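Heads up: the structure comes next, in structure tokens.
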């Protein structure tokens, strides 16, 4: 659903649109025992006040003035690339010690490894210590994560996607056993020894604590929204069909644009966005506060039933691509790029990378999100959060000097836009990994596309920005315009600042329940089975999750 050109855009190119895959992959995930869920794990919730006591003191790093100022969780926008770059980290962070081994996800072709990659050589020369990245397939990252945690064999730096680690039973125990407590290095003014880390938002750091202690460095999201509904505007404009502005028009779009005899279908996966149009909750997998103060789950709401009926109709009338109907893992990006589907949901981070790549193949290619709307008189509820996309953990027991060296490397990795370090991290070496457009913005070369992946991207976090590039000249205005138009519909987060580790039975019932919903969507079960699915969800752990979440709110006075 991750976040993206996987590098600069938090690589939501694959992930936020992959929430479903991440959850499914963790259906049998857990900690230190093949990472299987342990029945009886009752969950835990660290109070927001305890987290606040260990937070770093924020200090902005402002190198250049944005063309479009940020607004709350909306990032800053830059319409020109700076001609003069600033040195953000004047001294090499590394002390020339042993190489730093890392593990992080990647959703793309495997780049050449250390020793055969000039991009890695260039960055490591600036770091003063060799970083040896291990990039793992993002689609199966939960398996690798489970393996290293279960074996207690973690690298010096390990990147954990939020949707993976949130599902691991007793993950806080793994954190304490395997990773360094960074509290004394980073809390309060101590973080100012690492100024680029101090510039990360307080809201992002709030999620980086376990058990009331700081154990990770967050990688902030580049926008709060989990999904958008994208359409091939170039193809729909050519067909004389405008973007839908209601659920009725969305259905009519499907009827007009599906041409199965030509191998074209209107839709790929759309159910998550349809739920938002119908006003369904997404908070903590689908909870909403009731007027009496308790919580109600989405399966119990008439809005959800209506969204399910609507989407099942799209499937039933053959408006959804057969690959989406048949599997959970259809390559919808490829289908979308090839004009085989004209609309599907994805994370907003996918946008710039796909647009930049595809316009080289199809010059008229125009990927645009549809402005959100409600179903009838219902106002949309748009899911999202300021929760970081990734967390980077430091291996426990490396010693103070080595831990500080690694934190200096992470500080280098967090260098902001407008710095020389940012350019090297994002694009590599000019003339080798990128050239410049007339306006000075970098354009990756073929070597840059081959060698540059997410080797350093998720290690140190970064202050999110959106930057115009020559191959996506209108992207920044479009991206920020969509955010500004949508932010008023963002679902409030009742649990902001509360660190939750969900009860095992509740976590275990989520995936099989959604599998049953998928059967209803695809016509393998009748709509009326929703009531049975809701009962089985409640008895299988849903009511336990409800009680846990209600108590967490009560303990925090909410």
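Scan the stretch 350-392 for residues that are within 17 Å of the chain's Cα centre (by Cα), over 26 Å from residue 337 (Cβ atoms) and in a loop (DSSP other than H, G, I, E, B) and the total you get is 4.
Figure legend. Inter-residue proximity from the stretch 478-499: first residues closer than 19 Å to residue 70 by Cβ, second residues part of a helix (DSSP H, G or I) and at pLDDT below 95, beta-carbon distance below 7 Å, spacing 6+ or different chains. Indicated pairs: 479/351.
Looking at 512, 492, can you tell me which residue is surrounded by fewer than 17 Cβ atoms within 10 Å (Cβ to Cβ), under 22 Å from residue 52 (Cα atoms) and out of contact with any helix residue (DSSP H, G or I) (no Cβ under 6 Å at 6 or more places or on another chain)? Quick ask: steps written out before the conclusion?
Numbers: 512 fails: under 22 Å from residue 52 (Cα atoms).
Every option except 492 fails the conditions.
With the condition kept exactly as written, say whether any residue in the stretch 277-288 is over 28 Å from residue 386 (Cα atoms) and in a helix (DSSP H, G or I). Among the residues of the stretch 277-288, not one is over 28 Å from residue 386 (Cα atoms) and in a helix (DSSP H, G or I), which makes the answer no. Taking the criterion of being over 18 Å from residue 301 (Cβ atoms) and surrounded by fewer than 20 Cβ atoms within 10 Å (Cβ to Cβ), the residues of the stretch 515-541 that qualify are 515, 518, 519, 522, 523, 524, 525, 526, 539, 540. Which residues, counting only those in the stretch 46-78, are outside any loop (DSSP other than H, G, I, E, B), over 20 Å from residue 418 (Cα atoms) and within 25 Å of the chain's Cα centre (by Cα)? Hits for the stretch 46-78 are 46, 48, 51, 52, 56.
Residues of the stretch 322-346 that are over 20 Å from the mean Cα position of the chain (by Cα), assigned to a loop (DSSP other than H, G, I, E, B) and over 25 Å from residue 364 (Cα atoms): 327 alone.
In the stretch 411-433, what residues are in a helix (DSSP H, G or I), more than 17 Å from residue 450 (Cα to Cα) and touching a helix residue (DSSP H, G or I) at 6+ places or on another chain (Cβ under 7 Å)? Within the stretch 411-433, 411, 412, 413, 421 qualify. Residues that are over 14 Å from residue 184 (Cβ atoms) and assigned to a helix (DSSP H, G or I) within the stretch 393-410 comprise 401, 402, 405, 406, 408, 409, 410, listed in sequence order. Apart from one condition, residue 463 fits all of (1) modelled with pLDDT of 95 or more; (2) buried (at least 20 other Cβ atoms within 10 Å of the Cβ); the exception is (1). Taken over the stretch 519-558, the criterion of being under 20 Å from residue 163 (Cα atoms) and out of contact with any strand residue (DSSP E or B) (no Cβ under 9 Å at 6 or more places or on another chain) is satisfied by 541 alone. Of 232, 288, 262, all but one fail to be outside the structural domain of residue 454 (by TED's automatic domain parsing), at pLDDT 95 or above and surrounded by fewer than 17 Cβ atoms within 10 Å (Cβ to Cβ); the exception is 262.
Residue by residue, here is whether (1) in contact with a helix residue (DSSP H, G or I) (Cβ under 7 Å, 6 or more places away or on another chain); (2) part of a helix (DSSP H, G or I); (3) over 21 Å from residue 201 (Cα atoms); (4) outside the structural domain of residue 281 (by TED's automatic domain parsing) holds:
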| residue | (1), (2), (3), (4) |
| --- | --- |
| 463 | no, no, no, yes |
| 466 | yes, no, no, yes |
| 478 | no, yes, yes, yes |
| 483 | no, yes, no, yes |
| 496 | no, no, no, no |
| 506 | yes, yes, yes, yes |
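Residue 216: surrounded by 21 or more Cβ atoms within 10 Å (Cβ to Cβ) and under 17 Å from residue 394 (Cα atoms), yes or no?
Numbers: surrounded by 21 or more Cβ atoms within 10 Å (Cβ to Cβ): yes; under 17 Å from residue 394 (Cα atoms): yes.
For residue 216, the condition - surrounded by 21 or more Cβ atoms within 10 Å (Cβ to Cβ) and under 17 Å from residue 394 (Cα atoms) - is met.
The values are calculated or read from the model by the stated rules, or taken from the named source; none is laboratory data. This is a predicted model, so every value here is computed, not measured. Quick reminder, even Gly has a Cβ in these numbers, built from the backbone with ideal geometry, and neighbours come from all protein chains shown.
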